[in-house]
Structures are given as C-alpha cells and as structure tokens.
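Visitor: Before I ask anything, let me first share the structure, which is written out below as structure tokens.
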Amino acid sequence: MPGKLKAKIVAGRHLPVMDRASDLTDAFVEVKFGNTTFKTDVCHKSLNPQWNSEWFKFEVDDEDLQDEPLQVTVLDHDTYSANDAIGKVYIDIDPLLCSEAASVISGWFPIYDTIHGIRGEINVLVKVELFNDLNRFRQSSCGVKFFCTTSIPRCYRAVMVHGFVEELVVNEDPEYQWIDRIRTPRASNEARQRLISLMSGELQRKIGLKVLEMGGNAVVGYLQCFDLEGESGLVVRAIGTACTLDKLSSGSAPNTNTHMHPNTAPASNACNSPSKDGKEPVFGEDLTSSSGPPTPFRALPTTSSSPPPFSPSKPCSRQSSSSDTDLSLTPKTGMGSGGSVGKEAGPLKTLLRQQTQTALEQREFPFFTLTSFPPGFLVHVGGVVSARSVKLLDRIHNPDEPETRDAWWEEIRQEIKSHAKALGCHAVVGYSESTSICEEVCILSASGTAAILNPRYMREGCLDIGITDHRFEEPSPPSCGFCHIPYDELNMPFPAQLTYCYLCRRQKVPDVLFTTIDLPPEAAVTGKGCLIQARLCRLKKKAQGEVNATAISNLLPFMEYELHTQLMNKLKLRSMNSLFGLHIQISVGENMLLGLASATGVYLTALPAPGGIQIAGKTPGELSNEHHILTIQKRINDTIAKNKELYQINPPELTEEVVGSPIPEPRQRSRLFRSHSESSDEVSELDLSHGKKDAFVLEIDDTDAVEDIHSLLTDAPTPTGFYSCNTEIMPGINNWTSGVQMFTSVRVFRLSNANLTNQGLNKIFTDLCENLLKSFYFKLRSMIPCCLCQLNFTVAVPEEELIQVTVTAVAMTFDKDQTQEKTADKPPTKGGSETEEQLQFPLELCADSSSANCQPTSKISGVPESTNVSSRAASVDYGSFADRCSTWLELLRLKAHTMRRGSVKTSRRTQSLAHSVSSLERCSPLPEGRSRSLRSSRSFGGSSVTVVKMTPLSFLPGTRIIKYLGIINMFFIRETTSLREEGGVSGFLHTFIAEVFSMVRAHVAALGGNAVVSYSMKECMLMENPNKNQAQCLINVSGDAVICVRETDQEPTPSTTNIGHTSASATDEAT
Amino acid sequence: MTMELDVFVGNTTIMDEEVYQLWLDGYTVNDAVKVRMDGGVMEECEASADVLLSDTMDQYRTFQMCERLLHSPSKLGNQLLFQIPPHRQAMLIERYYTFDDAFVREVLGKKLSKGTKKDLDDIGAKTGVTLKSCRRQFDNFKRVFKVVEELKGPLVENIRHHFLLSDKLARDYAAIVFFANNRFETGKRKLQYLTFQDFAFCAGQLISNWTVGAVGEPSVLFPSFVCYMDVDLDKEFLQELKELKVLITDKDLLDQHKSLVCTALRGKTKAFNEMETNFKNLSRGLVNIAAKLTNTKDVRDFFIDLVEKFIEPCRSDRWTAADIRLYLTHYNNSAHILDTFKHQVVWDRYMGVVKSCIFKMYHD
C-alpha cells in the first residue's frame, strides 16, 4: 500500500441558487478517487455552506496517485428527484508526490461546470502520505519533477542533461463513442475531461519511468500536446529533456541558497566552477553570473589547463564527419513505443577518443527541448532543421500499442537528425513537435536547431579524467562562439557566404543565422531586437483521402520556401542578421493552408551586416516601369534607414575584407533540402547599391515579387514605447520593472468572399495579424515603456471559411531612463582602445588565444583568499555611494566589459583590471539589494485573494523564484446551448478564458504558490453553431507553479539575466 | 474587417476608466467609440477605428461580466474570476454606485417600486440621462434600500460596510434610503429649486437627530451592541413634539417669546420690522409642523411645509441668509428663557434640525 490520500471538504461560498422556491441550496459534496467515493453531509439552505467534513482517506497505489485526479463534485440535494450537480473540481495530486514540491493543497477552488461555467467556490484540503516503495519493477515514477520551463529552472543546477524523452498514449475519444448519442452533453464533456486528465497522468508517469531508467530525476522543457483526431481517436503525446537536477538550497532556513549572501555567493560560485575545473574560469565565472541560474557544474572534468594542440575549428568538422560514419554503425535499438531512451555506452566505443561524442550519438535522438542553456553548454549553432510529413489518419485499433503514431514520429525525428548531421551538428536543441489536423489529414511537424553541444553535461561515462575532446575546448569568447559555423567550410551543406567572425576574427561565421532557441544571454548584440513574422495563405482544392494528402504535401515545400523568403526579406528590411525563437506553423483547413512563421530578429555583432534589398525590373527599357522601381527602391531604403534608427542598429563600420564563400555560387537562390529543412543561409546575390555589402535582389517580374514587396512594406512599425519579441528576453532591454500583464487574445475571421485569390487571402491574413498586434499596443498603452515578450501566435482553420488566430504573450514594463543613462555614460575611450587593440590581432590563431585564455584563469583560481579579502573591502567602498539603482548594473557593465578584454588579451595589466573589477562585482549586490527591499516592502497590497501572476517566461522581473511547486496541466471543456444569451461567441469565449485563468490561479494558490511561469495555452479549439445557438470550446493550458519573492538582499535573479545583455551591449560599444 | 470573434483577456483584468464611465453612462458601443475618437485617444497610440471598436467591445464585455459582482461588492473582493487590484476594485464599486444628481433628484422620496421604474424613460428624457444609466442608478437605490432596510445599526455604517462605498457616497445613499423609506415629498414645484445635496444634508440631520438610533450614544467600542434602527423616525419623539404646541396656543408664552426675540434682534438687522410683524405667523408655522409630525402624511410634507410656512414668507420679505440665521438662533435660544416652557430638550432636538435644514434650504 504505497500511499494514503486524505481530503477534507471545509466550506463553500457564492453557490448558485438551486432551489427557486427558497432562493437557497441544499449542498453536499462527493469526493471521488479511483473507484472510491465519500460524501459529506447535506448543508441545508445555504449558499455559503460550512461542511467541515472529516478527513476522507483513500488508500491507493502510487501509480493511481500519478494517473488519477481527485474529483470533487458539489451537488444539490433533492428529496424527491435526482440530485442536481452544481459543478466539479479536479485536483491534480501530482505536486504532492514530490518531496521538493508542495506538501499540502489547501484553498478555494472555483466549482466548474462544463455547461454553466464557474458556479461558486469550494474550500478543500488535500494531503498525501507516501510510503517508500523499493520495488524495482514498479510502474510509478513518483518524485520525478516536471518543468514546462525550457531552461534549467532557477534555483536548480543541472548535474547532468540526459537527453530526449518522449511518449504517447492513445485512446478512443468519448465524444465519438456510440454512448455519446444518448448521454447529456455535460456527461460527455466530463467523460472527456476525465479521460484526458487520466491520459496525461499516465503519460507523465511513463515519461517519469523513462527518466528514472536514464538515471535522471527531472524533466525540463516538458511539452505535452493533444491530438484530437476525431473518429480515429485521441492522442496525448509529450516530449521533454531528462536531467539530473540538484536543488541549490539545502532546505535549512537562512542559508538555503548558495547565493543567499551576496558577499559569499559569487565567490562560492567562483570557487565551485573554476577551481574544480581549471579550464575556463574566467568564462565560467562570467557566465555563471550572466546566465539566469548560477550553475556551477560539479561534473566538469578536471583536466589540466594546457592548450589544445591544434586549432579547434578544422578538426571540428573532420571529427563530426568521422563520427557520422560511426553513427551509422551504431546499432539502433529500442524502436517502437518506448524506444528512444538513451542507451548505455557500448564497450566498443570506449576505445575511441570520440567517446565524448558518443554520449550524444549513441542516443537515438540527440534532441533537447531546452531553448536556453547553462553557460558553456552550447558550442556552435548550425541552423534550423525542420521536417514535416502529411499522414492520413486511420482508426487506432489497439490503444495499448500505438505503433503507427510512434512510427510516424520516429520517421520525422530521424529526418531531423539527418538534417542536423548534414549541418555538421550532432544535436538538435530548441526542439519541438506539433500537428495540424483537418478531417482525416494530419500534418506532423518537428523543428529545432542543429547544434554542437559540450558533452560534459551529458553522461557520466564521458567525464573520465584525462579524456577530453579538444574540439570542445572552445577558446572563442562566449559572446560569439555559438555563431561560428559547425560544418566544414569546404564541404558546406548549402551555399553560404562565410566571413570571419566580427568579434573574435578567428573563426568563420555565416551571413545569416536562423535558430529556434532563445538568444544566449552572453551573446553580443547590437541594438534591439524585434518580432518578425512571415504570413502566408495558400488555397487548395477540396479533396478526400490520398488525393488530399498528396495535394497538401506538394504544397508544403512551396509554403516553406515562401515563408523563408519573407522572413529573409523582413530581416534585411530591419537591417538584422539573425532570427531566434523561430517557429513555423503550417495549419491545414479544408480548402486552404495557412503558414505563420514568427521569430525575433536580432543583429548579432559577430555576424556581418546584412545587405540591403535591391529591386530589379525584368524589362529595364520601359520608362514608367523604371520609375516605379525607383520609387519602390526608395521606399525600401527609407524603411531600412528608419528601422536602423528605431532598433538602434549602428554597427561599427569595419574595413574588413569579406572572406567569401569558397563555393562560388553567386546567383543561385537558396536551395531547399528535399525534406524542406530550413538552412541557416540564404544566398546573397549581386553586389549592388549597398557599398560592398551584398544586396538581396527582388525582381518584380511576377506577381509573387510584387506581393513580397507589399507584404514587406505593410508591416507597421511598433509604436514608440513598445518593443516586441517572441523569445524569453528582449535583446537590448535589461532593466525590467515589475509590471507584468499576461494576456490571451483570440480572433476568428470569416472569409466572406467565396472566390478569393491567394493574394487576397494573404492580405487578409496579414491584416489579421497586424491588427492584432496593433490592438495589443493600444490596450497596453498604459504600460509604456513596455515590451511584449514571448508573443506566441497560433493559427488554425476551424471551419472552411474561418481563420482563427490565438495569441498568448506577456507585456513587461521596463525603465527607459535607465537604459539611456547606461548607454550615455559608457566610457567611449575604453571602447575605442578596445577596438584598436583587437584589430592588432584580427586573425590571431586559436592556439595562441586559448593559451592566453588560460592565464588569467590560473591567476584567479590561484588566489582565492586574497580575492575575497579585497572584495570585502571593496564592498564597503561601493556601499557608501551605491544607493542609486543603476550602480549595480553600471558596475556589471563595466565588469563585463573588462572581463571580455581580460579574456581575450594577454596583457598583465588587463588581467589585473579584470580581476579587481570582478571582485568588486561580488560584493556589490549587497547595497543594491537593500535598497530594493526597501522599495518593495511598501507596495504590497492586502487582498483576501492571493494575487497569482502568470507569465509565459521562465521568470518574473523583480522577483526570485524560491520554490517550484509542480507542473500545472489543465484541460477544460465548455459548452453552451444559449450562445446569444452569453453574448455570442465572443462573450462565451471571453468568459471561458477568464474562467480558465481563474482556475489556474486557484490551483496555484492552493499549492501555496503566487505565480505561474512558462505558462502556455496549448490548445484553444472553438466550435460554434450559431444557428443552433450552440458553441463548444476546449482549452489546454500548462505551466510551472512557483513561489517567488521580491528581490531582497539576495542575488536578484532577473538582473542576473540582465548581466548577459549588459555584457553584450558593452561589447557592442567596444567594437 | 468583420470579425466573427474577437476577445482579449488579461490575467490582471484590464479596465480603462474612461470606457468604464462611458459604459456606466449607458453609451452604446458605437457611441462610446465615437466619444473616444473625439477624445483623441487614437492619436495617442496610432490606433485605428477598428482597434478602438475591438477594445471597447472587450471592455464592455468585461464590465457586463463584472456587473453581477458589483451588485454585491463584498463578493468582488473574494471572487476568483477576475484578478483586479484592490484599488481598482474600489474604483469600480465607487463609480458603479455613483449617480447623477439630476436623476436622483427626480426619484428622491419616491417609492422604489416597479411603478417608478416604469417612469424611468420619462425621467431619462427630462434629465438627459440615458435609460440604461437610469435603470442602473434606480436598481442601485433599490438594492441598497432592500439590504439596509431590515438591518439594525447606524445606516451610513451599514451601507458603507455592505457596499464598500466611500463615506461621502454612503451618506448620500443613506439620504436616498431615508427619503425613500419616509417618502418625503420632494417633487412639488415649490421644492424644485432644492438640489439633491440640500436634501442629502437635511436627511443627514434628520438621521442623526430624529431617529431612534440618534438617542442612545452608541458605545465607541461596541457600536453593534446598540440595537436601533436608523431608517425610521423616533416615534416617541414625534409624540413629544405635540407638547411644543404650547408655544403658540398659550397666548402669554407666545408674546413673551416674541418680545424676547425682538429685544435680542433690535438694531441688528434691517429686516427687523418684518421679523417683528411676522413673528407669530412664523412661530405658528414651525410649531405646527412639529405638532403634525405624528401623521405619516405630514412627515412626507415636512420639506414643503418648511418652504411654505417659513422660507417663502421670509423670502418675500427679502430676508438675507444672515437674517435667517440670526432670527432662528434667537428664536431657538429665547425659548429657553421662557420659565413656563418645560420642553427644552425636545425643543432643542426639534429646532436644531429645523434650523440647519432651513439654513441649507434658504437659497435661490
């Protein structure tokens, strides 16, 4: 008997009137878990009943605890007829099964009815007593923590990242069972809600088992989706990244966090990482402070700091190609449903020196759902890889053997893997999967970013002392290292224009970089980023079955190509050179396909400046045409100039010669992989108007090009005071204030015109998206200056003539003045000298620089004592005048600035400077923290309901997450048969979304939390029938429930993220 | 763009105070959009009419959904559906219960019944308040009345506690409830010159001096232990008022009173002659009002009587406000010197209120 679940029903309030005669209600409660049901007494004639029940005890298997929700039903007692249901509450027990999460669930829950919505609230108390079960054949995986967050959760550190886990379960959809014809809509909805709740519980348990098998204790970046396949069934699938996490706090009161005391915390970090791993302490330390969670990796190899014997860039590609063959020899096992678990290293492999790599490549799928990484984890980024396939759905015959669905995904993942290999990469990061279903056709999509990872965090076997793969001893600075090409220059997978990195000048970088991950916090960025979207509609003939599927799959490559071209044009129009968080969604409807690509454009300092856009006419002779072209060209040039100003992109003019691609393919347009994989390049063409920069030529000889130009120029710029991005953090903004507003917006557009053209459709779709953005800016105008982050657009074609766009995002305020101050008082002389110094060694050899790199390392780790002493003295100094808010940031900027210098150069003077500044940095949080806590203490307002903040990001500005309470994964159905009375579809959906928010908040509050991070709305499926006055909507939301506290005298979490930017901007100024 | 569906929901409910006011004022969505466009909000953020329409619709829906909660404001504080910061909640409630003086003036003292509700469109037409807004205001009056009617304890406190209103607004509602409960006549032509605030002030005076609750000094620590009603006038007191009749029925007393008052007033005002000649008339008027207050019908006519019997004669004699003050002060005080007049306490309780009511009501 591994567990005892106890529940107590305390009271109800605001119940609906169930008895018209008395205007009161005789309420009682049924508590059900598994097949056991308890009842409370009837509380007669009250709308605010006090039951104060005994503890209802359920003795259950932990397997059931994981799968089943606790079901609380509130009913109205009726002596003569059947009792009427008021509503239900489903409580997920999972957070109670993990010792580190919540210990009790207690609070007011909205009582929810699928027909009437929220009807009053009920106060419930739930506890679980778990008994240890040492049975190794157990089916449960209690204790494995789940996180939706796609980075290592703050307040944890990753001891090891095991890799990809996936699972799917299938069932018949109750809505399509024969019994649905005779039961009430309420019963049908409830059956569906319950089934999905059960299935996601089961899925989570199964994934947990896989994680345990791999030796992990957590799943990060857990992404669960539903495929409502209609007749053919219901699929719940999930992917995630298995990790071994260590909580940073030990659990005791004051000293819980390693970085609790600002004086000792960074110092201890410094001791943790560089002293054990003597390799990259300067980087290491810089990074631990610059990325969100300080993650001093215990498992770093303790190798000597001797420089690698050869240049890292060339062997890199050579090794990867050799490992390719190696990979193909690897016997693949574990196919089918449970098969993608990483395997132990084969004995043969250990012979080889590449065993670091085997850690990844022995894995069937070296995929990571993470989008941001511990410092040093990401070595190189190749580009976006994606794969899609069109499938015809058939009935799932045996739910226990979901082989077909598994095989489908298997196929796609293999394809992704081979694309990554083609890019010279051994891993895929920022990986995600999605589907779009219309009738019996289903498009499966997967995408990610091909990358080379530092394998030290992968597998214990690879961490043997003395064995290191030198290619990972990355000497290039973290601000540009990830941009360097991972593939072989002589054997490029696609034509690309390569140049030497504009930052380190040692390795090659592509001209454009597309990725699905977040911008690494340490990356050097010029100016600010912005949201870039490509939108596309394509008509398709209505068809059935095979014919339909073929038609769709024939259209797909063209759509991908066009979306890609649009993105590229828009990127150039904004004078940027890279995309982060790229997400391409292709949605299928009966008579059209919708494509929406969203990403955040950034100017990476390491990459060359983008060329302009050149308009060329096909018939140059015609005068009127010529004139037309000139006007367009002028408009485009003006827009580019305006955008440069808007996003503050003023990269330094470098007189470097462009090292061209060794493959001369000047006129070829970007080639698409057969399987529609995205590549990181787009071919640059003739060197035209923009000086020496290559320009992107648009020929307006066909309607397509005209359309392109129009879509380019119709994108309205964001109004002043607003910024937008679809990534976690906005490049160039780092001083967030505490204003946070998460929102969901849904629009459905009915196409009235029966015979629309592709062009007309495109216009409608573009306007739809643009207007949505405009309306956000308007609604949130009171928050200016503010940035919309993690703008997540989802498109769907719910019916033949409907286009649905769903957006979830968060608006965050930031301090504008601080930005200005920071950019203003930057010491320009230092920047200048920095550039000069750097230009002296533009092509410095890697071996040299890496040895240079090691010197300050040993220096610092050699004198930890003195560092501490000096830091303390310095803290007093700084404390005396550090009451200004910006001091800390200024300091950090200064520090980051100098650190970079220290890390690249060999001069003694620079080193010592870096040293002293870094020691100052260690103590500076103290005065700053104090002032912050003073400010925060006054602004707490008293309210009887806990305020629960929600954000799609992994952090809340101005706060620090002290505890993760468990995953929130909720599925609701709402139906109405009185649509008009509820205010039409808008009224219906508005109420429903508000209800979903409130239920999420209530569950979080009951767990003791005050915020949801990494919140997302996975599904918002609306079906309406206005003629029958009916509508139905399904919503699935997920996130991580957390407790966060205002930044007090402890190291502020969000501002640690800031540091990355600060360092980046400092570098910008410097170069 | 014809949008089939268009919603925007924030985790913290977004509400624009300007739109809220338009909604409260009963503007339709389209009219509200027009008003906002004229207000120049579009230039502020480069918005288009579409954006404004969509925003207005969203806000209107939100307000409609909130309205149910605003009917019992204490629920707004612990409901879970909308996350609204406390100061915004207070704003929502306060504004929802705020009324137009022009409107309330029309229904003041009327029975808050279906019958009156039927006349709302007339009142709306007359006052320029939209019918929707009239309904809201009327329903607010009715709702507050219904809740407070049966409650014990101080009226203003009860209203403030149950409806979470500001002190000022709670006092206004107390006046409305008090007037509705006692059905004071306020609609006569002669009373038209009086504003709602005049009446509200008088109601405050009556509530704090002439009701049952006014007698016992409620303990500061345990106000709830004192059981009294604030909505009804103190019946005993009204009975006792009959005793004041002696001031006009007893010829000696009347003359004595007059001579005392005249002695005190002589030389202090230009209107002395008028005061002297009118003394008996005025005194009879005031004392008769007091004596008749046992009749519910006469209670209703309290204000019209004050105007007819006192204010109008004075006004026709062109007394200034200072004259009134002077006269009434001495009129009140002199009664204390009358040795045969034994009802000093009742007299003060009566005159205190009448005095301040007349002061308030004596204007153009």
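The values are calculated or read from the model by the stated rules, or taken from the named source; none is laboratory data. The structure displayed is predicted, hence computed values, not measured ones. Please note: Cβ atoms are built from the backbone with ideal geometry, for glycine as well, and neighbour counts cover all protein chains shown.
Visitor: Assuming A:Arg154 fulfils every condition listed in (1) closer than 23 Å to A:Asn1036 by Cα; (2) crowded, with 24+ Cβ neighbours inside 10 Å; (3) charged (D, E, K, R) apart from one, which condition is it?
Guide: (1)
Visitor: Within the stretch A:715-746, restricting attention to residues that are aliphatic (A, V, I, L, M) and farther than 30 Å from A:Leu539 by Cβ, which residue is nearest to the other protein chains (Cβ to nearest Cβ)?
Guide: A:Met742
Visitor: B:Gln89 is checked against (1) at pLDDT 90 or above; (2) surrounded by 22 or more Cβ atoms within 10 Å (Cβ to Cβ) and fails just one. What number does that condition carry?
Guide: Answer for B:Gln89: the failing condition is (2).
Visitor: Consider A:Arg781 against the criteria (1) more than 11 Å from every other protein chain (Cβ to nearest Cβ); (2) closer than 28 Å to B:Glu4 by Cβ: it satisfies all of them except one. Which criterion is unmet?
Guide: Looking at each condition in turn, A:Arg781 falls short on (1).
Visitor: When you look at A:Phe749, is it at pLDDT 90 or above, facing chain B (nearest Cβ under 10 Å) and within 21 Å of the chain's Cα centre (by Cα), yes or no? Step through it out loud before you land on a result.
Guide: On the way: at pLDDT 90 or above: yes; facing chain B (nearest Cβ under 10 Å): yes; within 21 Å of the chain's Cα centre (by Cα): no.
No, not satisfied.
Visitor: From the list A:Asp92, A:Asp76, A:Asp62, pick out the single residue that is more than 25 Å from A:Leu15 (Cα to Cα) and away from chain B (no Cβ under 14 Å).
Guide: Going through A:Asp92, A:Asp76, A:Asp62 in turn, just one is more than 25 Å from A:Leu15 (Cα to Cα) and away from chain B (no Cβ under 14 Å): A:Asp62.
Visitor: Let me ask you something else. Out of the residues in the stretch B:1-47 meeting the condition of being exposed (fewer than 15 other Cβ atoms within 10 Å of the Cβ) and either β-branched (Val, Ile, Thr) or at pLDDT below 90 (or both), tell me which one is nearest to the chain's Cα centre (by Cα).
Guide: B:Thr28
Visitor: Now a separate question. Which numbered condition trips up A:Pro785, out of (1) on the phi > 0 side of the Ramachandran plot; (2) touching a Gly at 6+ places or on another chain (Cβ under 6 Å)?
Guide: (1)
Visitor: Looking at B:Arg325, B:Arg284, B:Arg315, can you tell me which residue is among the charged types (D, E, K, R), within 15 Å of B:Lys258 (Cβ to Cβ) and in a helix (DSSP H, G or I)?
Guide: Unique residue meeting the criteria: B:Arg284.
Visitor: A further question on this structure: Checking A:Met970 against (1) among the hydrophobic types (A, V, I, L, M, F, W, C); (2) more than 10 Å from chain B (Cβ to nearest Cβ); (3) buried (at least 23 other Cβ atoms within 10 Å of the Cβ), only one condition comes out false. Which one?
Guide: Every listed condition holds for A:Met970 apart from (3).
Visitor: Next question. For the stretch A:208-228, how many residues meet the condition of being within 20 Å of the chain's Cα centre (by Cα) and β-branched (Val, Ile, Thr)?
Guide: The number of residues fulfilling the criteria is 2.
Visitor: Against the conditions (1) assigned to a helix (DSSP H, G or I); (2) farther than 18 Å from B:Leu191 by Cα, where does B:Lys297 fall short? Just the number, please.
Guide: The single condition B:Lys297 does not satisfy is (2).
Visitor: Please report, ordered by residue number, the helices (runs of 4 or more DSSP H) entirely within the stretch B:1-74 with at least 3 residues that are under 22 Å from A:Tyr777 (Cβ atoms) and within 9 Å of another protein chain (Cβ to nearest Cβ).
Guide: Working: elements: B:17-24, B:29-38, B:41-44, B:49-70.
Per the criteria, B:41-44, B:49-70.
Visitor: Considering only the stretch B:104-117, I want to know if a residue exists there that is touching a residue at least 12 places away in the same chain (Cβ under 8 Å) and at the interface with chain A (Cβ under 8 Å from one of its Cβ atoms). So that I can check it myself, show each step before the final result.
Guide: Here is the first cut: in the stretch B:104-117, the ones touching a residue at least 12 places away in the same chain (Cβ under 8 Å) are B:104-112, B:116-117.
Now drop any that are not at the interface with chain A (Cβ under 8 Å from one of its Cβ atoms), which leaves none.
No, the stretch B:104-117 contains no residue that is touching a residue at least 12 places away in the same chain (Cβ under 8 Å) and at the interface with chain A (Cβ under 8 Å from one of its Cβ atoms).
Visitor: Further, regarding this structure: Against the conditions (1) more than 22 Å from A:Gly595 (Cα to Cα); (2) within 10 Å of chain B (Cβ to nearest Cβ); (3) surrounded by 20 or more Cβ atoms within 10 Å (Cβ to Cβ); (4) not charged (D, E, K, R), where does A:Val807 fall short? Just the number, please.
Guide: Just one mismatch for A:Val807, condition (1).
Visitor: For residues in the stretch B:77-88 being in a helix (DSSP H, G or I) and in contact (Cβ under 8 Å) with a residue 40 or more places away in the chain, which is nearest to the other protein chains (Cβ to nearest Cβ)?
Guide: The extreme case among them is B:Gly77.
Visitor: Now, a different point. Quick check on this structure: which one of B:Ile324, B:Ile248 is touching a Lys or Arg at 6+ places or on another chain (Cβ under 6 Å) and either of a type in the set (A, V, I, L, M, F, W, C) or under 28 Å from B:Phe179 (Cα atoms) (or both)?
Guide: On the way: B:Ile324 fails: touching a Lys or Arg at 6+ places or on another chain (Cβ under 6 Å).
Going through B:Ile324, B:Ile248 in turn, the sole match is B:Ile248.
Visitor: Same structure, new question: If a residue must be of a type in the set (Val, Ile, Thr) and either closer than 23 Å to A:Val1013 by Cα or assigned to a loop (DSSP other than H, G, I, E, B) (or both), how many such residues does the stretch A:741-794 contain?
Guide: Keep residues of the stretch A:741-794 that are of a type in the set (Val, Ile, Thr), which gives A:744, A:746, A:748, A:757, A:764, A:766, A:784, A:794.
Imposing the further condition that a residue be either closer than 23 Å to A:Val1013 by Cα or assigned to a loop (DSSP other than H, G, I, E, B) (or both) reduces the set to A:744, A:746, A:757, A:784, A:794.
The total comes to 5.
Visitor: Kindly establish whether B:Leu265 is buried (at least 18 other Cβ atoms within 10 Å of the Cβ), more than 23 Å from B:Glu185 (Cβ to Cβ) and in contact (Cβ under 8 Å) with a residue 60 or more places away in the chain. Give the steps one after another, and end with the answer.
Guide: Details: buried (at least 18 other Cβ atoms within 10 Å of the Cβ): yes; more than 23 Å from B:Glu185 (Cβ to Cβ): yes; in contact (Cβ under 8 Å) with a residue 60 or more places away in the chain: yes.
Criteria met by B:Leu265.
Visitor: Can I ask one more? Which condition number does B:Phe237 fail, the rest of (1) exposed (fewer than 15 other Cβ atoms within 10 Å of the Cβ); (2) modelled with pLDDT of 85 or more; (3) of a type in the set (Phe, Trp, Tyr) being met?
Guide: (1)
Here is a yes/no grid of residues against (1) out of contact with any helix residue (DSSP H, G or I) (no Cβ under 7 Å at 6 or more places or on another chain); (2) more than 19 Å from A:Phe749 (Cβ to Cβ); (3) buried (at least 20 other Cβ atoms within 10 Å of the Cβ); (4) within 11 Å of another protein chain (Cβ to nearest Cβ):
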site	(1), (2), (3), (4)
A:Glu981	yes, yes, no, no
A:Val985	yes, no, yes, yes
A:His990	no, no, yes, yes
A:Met999	yes, yes, yes, yes
A:Leu1007	no, yes, yes, no
A:Met1021	yes, no, no, no
A:Glu1024	no, no, yes, yes
A:Gln1030	yes, yes, no, no
A:Ala1041	no, yes, yes, no
